[in-house]
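Trainee: The following block contains the structure, expressed as structure tokens.
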Amino acid sequence: MAYKTQMTGMLGVYLVAAELSRLGFIVSPTSRSAAGADLLVTDQRCQKAWSVQVKTNKNWGKDWLVGVQGERIKSDSHMYVFVNVGNGVRAEFTVVPSKHVAKNVYLQTSPKGNKFYWFSKSNRLVNGEGWELFGDPNGSTDADDNSNTIHKGDGLKEDNSQEQDMQPEPMVIYEGRVSDGSEHYAMLSNPTANALADELAIEQARTIGLTEEQIAKYVCAPVNAEAICFSDEKK
């Protein structure tokens, strides 16, 4: 039988998953035994991905117990979502990047010498709940806005949309990951999200026409050499 604290933690994870899904992100819970990540999240175009650690208070609170891992586990692609379940209609969420959490963890020591690591809502990075820190769920990038023009030396702009349509879109396979040229090797930097990266890599590799043999060789297995680029011309 699950303890009440476990039930509260599970409730928080699924509340966060539901909210991210409502906002338009693709969300998958991890194994409950996975250290550091409760959810794996990506936008609809797989431009960015995150691992998410959820910390939950059953009642309304301003501080959450994060443990010593709050100082140690940090990366650009790792996020915390702090939850107050309360008794209201909707839970309260606070989204904070892991690097910001690590800088603002505070320590309390009990009379017996036990150490407790906390994060306070007063130290959040942005006002409000902070869902905007995940970016655009549709996966749009700044490059999309400028993709149809090129800048010449004389300052004129030339429409090259047709030229771009004719060029094969290169895909990069690097250490078992696939990403396009605009997101060079940056698909995921957090090792706790490798499982999601593998699924996305295989799906994208099939989309660009790689054979199952190529996928098995370059996507499913780590690549220690330099990146190997495939385009429509090399298939």
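Trainee: Residue under question is LYS58, and the condition is that it be within 22 Å of the chain's Cα centre (by Cα) and surrounded by fewer than 19 Cβ atoms within 10 Å (Cβ to Cβ); does it hold?
Mentor: no
Trainee: Taking region 120-145, which residues are modelled with pLDDT of 95 or more, of a type in the set (Ser, Thr, Tyr) and touching a helix residue (DSSP H, G or I) at 6+ places or on another chain (Cβ under 7 Å)?
Mentor: Within region 120-145, no residue meets the criteria.
Trainee: Taking strands (runs of 3 or more DSSP E) that fall entirely within region 23-109, which contain at least 2 residues that are hydrophobic (A, V, I, L, M, F, W, C) and without any contact (Cβ under 8 Å) to a residue 40 or more places away in the chain?
Mentor: 26-29, 92-97
The values are calculated or read from the model by the stated rules, or taken from the named source; none is laboratory data. Fair warning: this is a prediction, and the values are worked out from it, not measured in the lab. Glycine also receives a Cβ, built like all others from the backbone with ideal geometry; neighbour counts cover every protein chain displayed.
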